[in-house]
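A short worksheet on the structure shown next.
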Amino acid sequence: EAGVAQSPRYKIIEKRQSVAFWCNPISGHATLYWYQQILGQGPKLLIQFQNNGVVDDSQLPKDRFSAERLKGVDSTLKIQPAKLEDSAVYLCASSSDTPPTDTQYFGPGTRLTVL
Amino acid sequence: RKEVEQDPGPFNVPEGATVAFNCTYSNSASQSFFWYRQDCRKEPKLLMSVYSSGNEDGRFTAQLNRASQYISLLIRDSKLSDSATYLCVLPRPAGNKLTFGGGTRVLVKP
């Protein structure tokens with residue numbers, strides 16, 4: 001079974017530029033999550049999708065971050081404009097609707113450096 | 001108080017030794033938890049799920065102390081490959097959300 005795919009793996013941009021990340025979850029997984037992991041910290045949930053609907057985006061800085069999952073499969077996360085403090089690893093995860101539904105499978109992440 | 005707190009370490013462990021570390025949580029209603037393992041520059045991967053007072057899987061033992069609201073992970077006969085960051089994770093009551101601790105770094109040395 002293929003795992004969660006993410007691209008790009010690495011991205012370096014200057015502050016105030018825009019960047020987008022892509023995620024393809026495990027086939028059949030209805031729930032998709034985007035996390036931000038700053039160096040030395042645990043992952044922090046940014047947004048959760050159930051199919052193509054948003055379940056929770058309370059931690060998403062909506063003035064600069066946006067995410068979509070138009071067809072209920074792939075998802076993109078965008079930052080516009082980026083700030084220095086956005087430097088982090090952005091992890092995508094997915095989980096199934098069949099038990100155990102609380103087990104999340106993570107992709108390899110996108111390491112973002114903002115200069 | 002943070003929902004989930006961990007000692008960041010690092011715990012320097014001689015190969016073959018036993019190491020144990022704890023995670024404290026603030027929500028007394030928590031009934032289950034996970035330990036995820038994260039290797040350097042890799043994604044977190046599920047190590048153990050615990051839905052009762054504890055679980056054992058080979059050299060790894062996880063225990064939940066509800067009275068004192070902490071979770072422990074014990075690694076016996078440590079291997080060099082056990083070097084990683086161990087993330088304590090609590091499921092939230094609804095919505096399949098997870099709350100991650102900051103992680104405990106373990107370094108196993110020859």
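Which one of A:Gly53, A:Gly28, A:Gly3, A:Gly42 is within 14 Å of chain B (Cβ to nearest Cβ), exposed (fewer than 14 other Cβ atoms within 10 Å of the Cβ) and of a type outside the set (Ser, Thr, Tyr)? Let's see the steps before the verdict.
Working: A:Gly28 fails: within 14 Å of chain B (Cβ to nearest Cβ); A:Gly3 fails: exposed (fewer than 14 other Cβ atoms within 10 Å of the Cβ); A:Gly42 fails: exposed (fewer than 14 other Cβ atoms within 10 Å of the Cβ).
Only one candidate qualifies: A:Gly53.
Filter segment B:30-74 down to the residues that are in contact (Cβ under 8 Å) with a residue 60 or more places away in the chain and part of a strand (DSSP E or B) and list them by number.
Applying the first criterion (in contact (Cβ under 8 Å) with a residue 60 or more places away in the chain) to segment B:30-74 yields B:30, B:34, B:36, B:38.
The answer is B:Phe34, B:Tyr36, B:Gln38.
To keep it simple, each residue is scored yes or no on (1) within 21 Å of A:Gly3 (Cα to Cα); (2) within 13 Å of the chain's Cα centre (by Cα).
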position: A:Gln48; (1), (2): yes, yes
position: A:Phe65; (1), (2): no, yes
position: A:Arg69; (1), (2): yes, yes
position: A:Lys78; (1), (2): no, yes
position: A:Pro81; (1), (2): no, no
position: A:Ser87; (1), (2): no, no
position: A:Cys92; (1), (2): yes, yes
position: A:Thr113; (1), (2): no, no
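Has segment A:62-75 got at least one residue that is in a loop (DSSP other than H, G, I, E, B) and within 24 Å of B:Cys88 (Cα to Cα)?
Checked segment A:62-75: no residue is in a loop (DSSP other than H, G, I, E, B) and within 24 Å of B:Cys88 (Cα to Cα).
Against the definition (within 11 Å of chain B (Cβ to nearest Cβ), part of a loop (DSSP other than H, G, I, E, B), without any contact (Cβ under 8 Å) to a residue 24 or more places away in the chain and over 22 Å from A:Ile13 (Cα atoms)), how does A:Gln59 come out, yes or no? Break it down into steps so the answer makes sense when it comes.
Details: within 11 Å of chain B (Cβ to nearest Cβ): yes; part of a loop (DSSP other than H, G, I, E, B): yes; without any contact (Cβ under 8 Å) to a residue 24 or more places away in the chain: yes; over 22 Å from A:Ile13 (Cα atoms): yes.
Yes; evaluated as a whole, the condition is true for this residue.
Output yes when any residue across segment A:6-14 is within 13 Å of A:Leu91 (Cα to Cα), surrounded by fewer than 19 Cβ atoms within 10 Å (Cβ to Cβ) and free of Cβ contacts under 8 Å to residues at least 60 places away in the same chain, and no when none is. Outline the logic, then answer.
The initial filter retains those residues of segment A:6-14 that are within 13 Å of A:Leu91 (Cα to Cα), namely A:6-10.
Retained after the next criterion (residues that are surrounded by fewer than 19 Cβ atoms within 10 Å (Cβ to Cβ)): A:7-10.
Now restrict to residues that are free of Cβ contacts under 8 Å to residues at least 60 places away in the same chain: none.
No, every residue in segment A:6-14 fails to be within 13 Å of A:Leu91 (Cα to Cα), surrounded by fewer than 19 Cβ atoms within 10 Å (Cβ to Cβ) and free of Cβ contacts under 8 Å to residues at least 60 places away in the same chain.
Restricted to segment B:75-99, and to residues that are more than 20 Å from A:Ser95 (Cβ to Cβ) and surrounded by 16 or more Cβ atoms within 10 Å (Cβ to Cβ), which residue is nearest to the other protein chains (Cβ to nearest Cβ)?
Quick first cut of segment B:75-99, residues more than 20 Å from A:Ser95 (Cβ to Cβ) only: B:75-86.
Subset that is surrounded by 16 or more Cβ atoms within 10 Å (Cβ to Cβ): B:75, B:78, B:82-86.
Details: B:Ile75: 19, B:Ser78: 22, B:Asp82: 19, B:Ser83: 16, B:Ala84: 14, B:Thr85: 9, B:Tyr86: 11 Å.
Among those residues, the one meeting the criterion is B:Thr85.
Hey, among the residues in segment A:64-94 that are in contact (Cβ under 8 Å) with a residue 24 or more places away in the chain, surrounded by fewer than 22 Cβ atoms within 10 Å (Cβ to Cβ) and among the polar types (S, T, N, Q), which one's nearest to B:Arg41 (Cα to Cα)?
Only one residue tops the list, namely A:Ser87.
If I go through segment B:32-70 residue by residue, how many of them are within 14 Å of another protein chain (Cβ to nearest Cβ), farther than 17 Å from B:Leu98 by Cβ and basic (Lys, Arg)?
So the answer is 2.
Being within 14 Å of the chain's Cα centre (by Cα), of a type in the set (A, V, I, L, M) and under 17 Å from B:Leu80 (Cα atoms) is the filter here, so list the residues in segment B:12-68 that pass it.
B:Val19, B:Ala20, B:Leu47
Can you find, within segment A:86-109, the residue that is farthest from B:Pro93 (Cα to Cα) among those that are more than 8 Å from every other protein chain (Cβ to nearest Cβ) and in a loop (DSSP other than H, G, I, E, B)?
By that ranking, first place goes to A:Ser87.
None of the figures in this text is laboratory data; all of them are computed from the coordinates on show. Bear in mind that the values here come from a model prediction, so they are computed numbers and not experimental data. Reconstructed Cβ throughout: ideal geometry from the backbone, glycine too, with neighbour counts over all protein chains shown.
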